[in-house]
Structure formats: structure tokens, C-alpha cells
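All remarks here apply to the structure that follows.
The values are calculated or read from the model by the stated rules, or taken from the named source; none is laboratory data. This is a predicted model, so every value here is computed, not measured. No Cβ is skipped: glycine too gets one built from the backbone with ideal geometry, and neighbour counts run over all protein chains shown. Accessible surface is based on the protein model in full, side chains and every heavy atom, while ligands, DNA and RNA are left aside. Shrake-Rupley method; radii C 1.70, N 1.55, O 1.52, S 1.80 Å.
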Amino acid sequence: MNPFGKYLRVFQLGIQTSLEYRFDFAFSLVSAFFPILIQTFIWTAVFAGSPDGQFFGYSYEEMILYTIVAAIVTRIVSSNTDHSIGTDIKDGALNKHLILPASYFGLKLFGLLGQKMFFFAVMHGIIFILLIVFANLYGVDLTIERVALFVAAVTLALLLSFLISYTVAAIAFWLAEISYFFELTGLLIIILSGGIFPIEVFGETINELLDYLPFKYSIYFPTNVINGKLNGHEIAQGLGLQGLWIGVLFAGSRMIWSVGMKKYLGLGG
């Protein structure tokens with residue numbers, strides 16, 4: 001029997017689940033529009049008072065493009081995995097997974113990838129249409145190579161974001177009620193990842209600190225790959241660091257979960 005067959009089946013079930021909730025998907029697209037609209041008004045007002053047409057190294061067109069793409073990338077990589085795992089641990093639903101001949105980590109990962117597949121394809125289509133519009137209006141450089149690198153960066157960002165959520169979710173082994181903790185950490189991670197505005201806004205000191213953390217490689221880096229802010233060397237370096245952080249977080253999450261499972265009491269479920 002193919003050892004990956006069970007995970008492939010979970011992946012297929014994830015795709016089916018995402019297709020069953022098409023209206024929810026449509027509503028998520030509409031809900032993503034309002035934050036973009038609000039930020040566009042804010043940045044338009046901010047740039048109106050800028051004498052040189054630059055703000056934190058971004059022109060007005062680059063900032064608007066960043067705002068739109070970052071909002072869409074945030075939707076792609078966000079998973080809420082920490083909430084579902086926290087509930088499994090709190091309610092004892094983790095029990096049934098412990099006796100299955102499959103890894104809980106693998107089931108969660110492939111289930112998420114399946115659920116994101118349809119979303120991933122549609123969102124990339126929207127981004128490319130927007131880029132073509134921006135390329136015609138503002139002369140944004142759009143090449144096949146840059147598009148391919150963007151898809152690779154977003155794919156790695158999705159894995160990175162999952163591993164961050166999976167690691168953070170382990171706190172549920174020690175805390176009984178953590179829903180607000182996940183809300184707080186989720187918002188903080190999106191801000192530090194550049195999901196609301198570019199991380200240059202935080203200033204040089206915090207930017208240097210963020211260079212040693214994985215968050216910027218989940219939203220800020222993929223967004224700047226496609227909007228032309230990074231050169232070839234910086235993109236190659238960023239992809240390498242995404243891979244490095246994926247390896248570090250995978251090993252770290254396994255260690256934390258190993259310790260956490262010793263605290264787990266399989267009650268309920």
C-alpha cells in the first residue's frame with residue numbers, strides 16, 4: 001500500500017470540502033475588498049502630503065499595488081490551523097487521531113493544502129489580472145520569470161504559515177482557554193508579516209530584528225517578489241531563507257509537540 005495514499009485521500013477530501021462552500025469563498029473575496037479600499041484612501045491621503053511622492057521607499061503606485069497583493073497573499077496563506085488544533089486538544093478530539101495509522105501533522109497539512117488548492121488558483125488569477133492592469137497603467141515590470149518566482153514564494157509562504165500556526169497551537173497543551181490568545185497572536189503575526197502595511201513602516205531597528213524572524217517571509221517577501229521591489233539575488237536569498245525557516249520550524253514544532261503530548265490528558269472526545 002502506498003504510504004502516502006492516506007494523505008492523498010485527505011488532500012482530495014480537502015478539495016471537495018472547499019468546493020462545497022463556494023458561497024463562503026465568494027463572501028471571503030468580498031470581505032477582502034473593504035480593508036483594501038480603506039487602506040487605499042489612507043495611503044492616497046498620506047501621499048498627497050508627500051513632496052517627493054515617496055513614502056518609506058515606495059511610490060504611490062507601488063504602495064497601492066503592495067496593499068492589494070499583500071491583502072490577497074494574506075488570504076492565501078492564512079489557515080486558522082491554530083484554532084482547530086487548539087479545539088482538538090481542549091475538547092479531547094485529538095484522542096481519535098492518536099490511534100490512527102497516520103500522522104496528525106500530515107493529516108492537518110494535507111487537509112489544509114487540499115482546502116487551499118481552489119482558493120490558491122482563483123486568488124492567483126485575480127492577482128495576475130490586477131498586475132496586467134497595473135503594468136498597463138503604471139509600467140509595472142511583469143515577466144514570466146517573476147510570476148513563476150512569485151508562485152514558488154507563495155507556496156513556500158503557505159507551508160511556513162502553517163508551521164507557525166502549528167507551533168503556536170501547541171500552547172493549548174498548557175493553557176485551558178486560549179481562543180483570545182490565538183486572536184492576539186494571529187493579528188500580531190499578520191502585522192509583523194507585512195500583511196497590513198510594508199514592514200519598512202516600523203523603522204530600521206525593528207526591521208533589523210524582523211530579519212532574524214520568519215514572519216516577513218510569509219507575506220512581505222512574496223508580495224515584493226511580484227511588485228518588482230526585489231532583484232534576482234534578493235529573491236534567491238529570500239527563497240533560501242523561506243526553506244531554512246520551514247526546516248527550523250518543522251524541527252521546532254516536533255520538539256514542542258513531543259513535550260506537549262506528555263502534558264496531554266485524553267479526556268472527552
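Summary table below
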| item | result |
| --- | --- |
| Cα Rg over Rh - region 84-184, Kirkwood | 1.14 |
| Probe 1.4 Å - accessible area at residue 94, Å² to nearest ten | 0 Å² |
| All lysines inside 26 Å of residue 116 as judged from Cα atoms, apart from same-chain residues fewer than 8 positions distant | 6, 90, 96, 108, 216 |
| Karplus 3J(HN,Hα) series, Hz, for region 211-218 with 6.51 cos²θ - 1.76 cosθ + 1.60 (x for Gly, Pro) | 4, 9, 10, x, 4, 4, 7, 9 |
| For region 3-263, average projected area of the Cα convex hull in nm² | 15.3 nm² |
| Calculated SAXS-style log₁₀ I(q)/I(0) at q = 0.11, 0.19, 0.29 Å⁻¹ - region 23-87, Debye, Cα scatterers | -0.37, -0.79, -1.21 |
| Between region 107-161 and region 1-75, the alpha-carbon center distance in angstrom | 10 Å |
| Average projected area [Cα convex hull, region 1-53], square nanometres | 6.5 nm² |
| Zone residues, region 229-269, relative to residue 95, backbone N less than 19 Å from point 7 Å out along Cα-to-Cβ | 261-269 |
| Unit charges on C-beta of K, R, D, E only; dipole of the chain, Debye | 1140 debye |
| Degrees between helix 104-138 axis and first principal axis of the chain (Cα, 0 to 90, nearest 10) | 10 degrees |
